[in-house]
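For reference, the structure discussed in these notes is given below.
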Amino acid sequence: VLEGASYQPSSFEQRWQQTWESQDLFAPLEDPSDEPRSRSYVFVPPPFPTGALHMGHVRSYAIADAYARYCRARGDTVLFSIGFDSFGLPAELAAEARGERTADWVARCCDEMSVQLRRLGLSFDWSRVYDTSDPQMYRWTQWLFLLLREQGMVYQATGWTDWCEACDTALASMQVEDGSCWRCHGPVKVVKRTQWYLKVTAYVDENERRMSDPSVPQEADWQASQRTVLGRVDGVELAARADDGRRLTVFTPHREELDSVCCVLISPRHPEVETWIGDEVAPSVEALRKGGWERDERDAANVELVDTGVTLRVEGIDGPLPLLVTPAVDSRYGETAVLCVPAADRTDAVIADRLAGAKAVAAIDRATLAAAARPATRYRIRDFVISRQREWGTLIPIVECPRCGPVPVPRSDLPLGPEEAGRPTPCPQCGSEARRETDTLDCHFDGLWWWMANCVPAADRDDTMFDHPELERWLPGHCLIWGADGGGYVFDQRIFAKVLRDAGIWPWLEDGEPFERALLHEMVRFDGRKMSKHLGNVVEPVALMSTWGADALRLTVLLAASPRRAFVWTEGGLRRSHEFLSKLWDYATTWLGSDERRGDGEGIDTSDPLRRRLAKWCDAAQRRVSEDIESLSLHRAAHNAVELLDKIETFESRVVEQRGSVTDKDHDAIAVAVELLLELVAPFTPHICDELWAMRGDDELATARPWPSGDLALSRTSA
Ligand SMILES: [Zn+2]
Ligand SMILES: [Zn+2]
């Protein structure tokens, strides 16, 4: 594609990456004592070490890098780094499939991905990179487990949990996608087991208050994602009674529309569900739990329904209501029991259709109902199962003592490596012969806190983590940028921050919110589907960079769509980006190449109407690109920057039309405009900007220049 062209990104991109790193350009600057800078911590989630970046990473990191570079240019001291989410099932399964030791596989993947991230030209501070499978990190994961246990936020309980037979482990509900395991896509059943739980429900009220507080300035889409995770439903509770006098509290959000009510639906996870299941239907409920749960509302036509044979009566509702067990409750209301109201709810309507015998009750006595109903709220979210029966994870720091039960490992014994699992050890409490726990923590638990690990310099991490003084400097973080599927993680990270506040470790984080703003961007699609290894429709970013260069790839994903929209990957976008960069290359080498032609703060001489017009275009571009980046509308920012080149060309052709040739003053004006253009596109395509800027003949880097100020061109107007 690029043969014979003068723009050859492969001839300079890696050279600039080495220059940036050797000059340590991306370490956060020390504050000048007289004039403190704004601090901006820009966070992107660490990749799983799979060995290859995918387009979703490129999108996240291109957006975040452009924003971080912009923040640096506007004068902030910026913390921007990365890590590796190395523990967990994905790495263990990948290594297993290759017959390799997990630790070796992970180390190799991290190395390869570090190279790929560098090739993208991301402005990470590499000195702060972390790896969750490093003892330096999992020591603190274990420390955090002990703290959360002391705070009552981690508890052991026997309950219904999703289980993947193929992966041989418990799964969290967010790891079950349409009834299948997120890793192996095999069926998921529900089993009763003793597990460790994270009590996310403890902060539901505070989360809800925060998210519905109109005085909190937050992007609407980010709030919406958090509300979805929370899944709040308001309604009323009513007392239902069986013929033998047993009672069941039932919930409904449809108190005004109950005329069609036909039965009661109870979650198979309801704490009292066992008491409603007779011997004759117990096998059906068991089969329902084994069968894998379709928990999506779209699946109402196929969702399992088991009639308990019990009928209930509710005061004010004339007629008996059959009680049915179904997981169709969970995805809407959590582990509760609800009235099935077909006229008010589509899922209920589908379910009622399937129950030939279920007829609407004869009559509703509104006054009696109103008197009996108590206002109530349900949340779909539930406590999170954090223990996993796998090796590759942070070992749970608990000793199982036959006399004392579970006893926490003393903090001075941390870190405990995976090889300690199940080892005999004296009980820390009574000294009896005991054993270490064998379960590990799900990698989601590592994710509770890895978002703050970049704030602590690597050299200090052996001694200090959660109370490191730099945390108060950087938190709350300035901006979090993540794929839209990260909403659940973000929710739990926000809870973790509140726990540390309430434990007195982060008293300075008053509202317990870890980030000031967040962008949860949409996915990259291909051929109308989500791009994924599983679907076999993966486009390899590394291969694309080899052909087209990192700048073209970055620009393409930025220009493709608003971060808030998904886009379909096509190579056409890459061609257009390449065309722009080639044109920029040719144009800048023509107009900036000669020694005497440099913009250099000379400004545009606006004594002529054409040059006055050019100056206006420049100012408009500067203003728009700044505003667009500030609002994280990176696609508009990139578009407005790119468009300035067309404007400069228009100026040139009109000058030639009107005057026959380009005068010295016109040439100066073009040089000023091209330099501005390079400054404006530098956050998106940093390599070409530094390469072209260097042709001006000094040591300055375009990517290290301050952000161009407003009125740039007009204020330079010469007399
Ligand atoms: Zn599985
Ligand atoms: Zn003991």
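What the table below lists for this structure:
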{"read-out": "Tail weight of P(r) past 21 Å, computed on alpha-carbon pairs of the range 349-492, percent", "value": "68 percent"}
{"read-out": "At most 13 other Cβ within 10 Å, DSSP loop - trypsin sites (Lys or Arg not before Pro), the range 95-174", "value": "R101"}
{"read-out": "Calculated FRET value between Q429 and E21, using beta carbons and R₀ = 45 Å, to 0.05", "value": "0.35"}
{"read-out": "Volume per residue of the C-alpha convex hull in the range 608-676, rounded to whole Å³", "value": "62 Å³"}
{"read-out": "FRET efficiency, R411 to R473 (Cβ-Cβ, R0 25 Å, nearest 0.05)", "value": "0.45"}
{"read-out": "Semi-axis lengths (Å, descending) of the ellipsoid that matches the C-alpha gyration tensor of the chain", "value": "55, 31, 23"}
{"read-out": "Computed over the chain: relative contact order in percent, which uses C-alpha pairs under 8 Å that are six or more apart", "value": "16 percent"}
{"read-out": "Square roots of 5 times each gyration tensor eigenvalue, C-alpha, the range 1-127, largest first, Å", "value": "30, 22, 12"}
{"read-out": "Stretch gain in nm, segment D178-R575, where the contour uses 0.36 nm per residue and the Cα spacing is subtracted", "value": "139.2 nm"}
{"read-out": "Mean separation of Cα contacts under 8 Å (6+ apart) over length of the range 62-158, as relative contact order %", "value": "34 percent"}
{"read-out": "Prolate/oblate/rounded call for the range 541-646, Cα gyration tensor, a/c under 1.5 rounded", "value": "oblate"}
{"read-out": "Inter-site label distance for R247 and V662 at 7 Å from Cα along Cβ, in nm", "value": "8.6 nm"}
{"read-out": "P(r) histogram, all alpha-carbon pairs of the range 318-429 included - 5 Å bins from 0, percent", "value": "2, 8, 13, 13, 11, 7, 5, 7, 7, 8, 9, 6, 3, 0"}
{"read-out": "S11/T377 FRET efficiency (R0 56 Å; Cβ-Cβ; nearest 0.05)", "value": "0.35"}
{"read-out": "Label-point separation in nm, V191 to D586, each point 7 Å along Cα→Cβ", "value": "6.6 nm"}
{"read-out": "Lys, Arg +1 and Asp, Glu -1 on Cβ, resulting dipole of the range 116-220 about Cα centre, debye, nearest 20", "value": "300 debye"}
{"read-out": "The range 313-381 pair-distance distribution - Cα-Cα, 5 Å bins, rounded %", "value": "3, 14, 22, 25, 22, 12, 2"}
{"read-out": "For the chain, with +1 on Lys and Arg beta carbons and -1 on Asp and Glu, the positive-most of A702, A343, T158 along the dipole", "value": "A343"}
{"read-out": "For the chain, size of Cβ-based charge dipole, Lys and Arg +1, Asp and Glu -1, in debye", "value": "1140 debye"}
{"read-out": "Residue among A239, Y138, I82 farthest towards the positive dipole end of the chain, charges placed on Cβ", "value": "A239"}
{"read-out": "Cα-Cα separations in the range 83-150 greater than 19 Å, expressed as whole percent", "value": "45 percent"}
{"read-out": "The range 134-225, Cα convex hull volume normalised per residue, Å³", "value": "171 Å³"}
{"read-out": "The range 74-208: radius of gyration and largest Cα-Cα distance (Dmax), Å", "value": "18.6, 55"}
{"read-out": "Highest average packing first - 363-369, 175-181, Cβ atoms within 10 Å", "value": "175-181, 363-369"}
{"read-out": "Projected label distance in nm at A349 and E400, using a 7 Å step from Cα toward the beta-carbon", "value": "5.0 nm"}
{"read-out": "Lys, Arg +1 and Asp, Glu -1 on Cβ, resulting dipole of the range 1-105 about Cα centre, debye, nearest 20", "value": "280 debye"}
{"read-out": "Normalised per residue, the volume of the convex hull around the Cα set of the range 452-593 (Å³)", "value": "194 Å³"}
{"read-out": "Relative packing of peptides 506-516, 621-631, 386-396 - highest average C-beta neighbours within 10 Å first", "value": "386-396, 621-631, 506-516"}
{"read-out": "Non-local Lys pairs in the chain, i.e. 8 or more apart or on different chains, that have alpha carbons under 29 Å apart", "value": "15"}
{"read-out": "Overall dimensions of the range 395-464 by Cα: Rg and Dmax, Å", "value": "14.4, 42"}
{"read-out": "Gain upon complete extension [R98, D318; 0.36 nm per residue less C-alpha separation]", "value": "72.8 nm"}
{"read-out": "For the chain, share of DSSP beta bridges that run antiparallel, in % to the nearest 5", "value": "75 percent"}
{"read-out": "Pairs of alpha carbons in the range 427-502 whose separation is greater than 19 Å (percent)", "value": "51 percent"}
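Each reported figure results from applying straightforward, stated rules to the coordinates on display, with no laboratory input. All values derive from a computational prediction rather than experimental measurement. Positions of Cβ are backbone-derived with ideal geometry, glycine not excepted, and every protein chain shown enters the neighbour counts.
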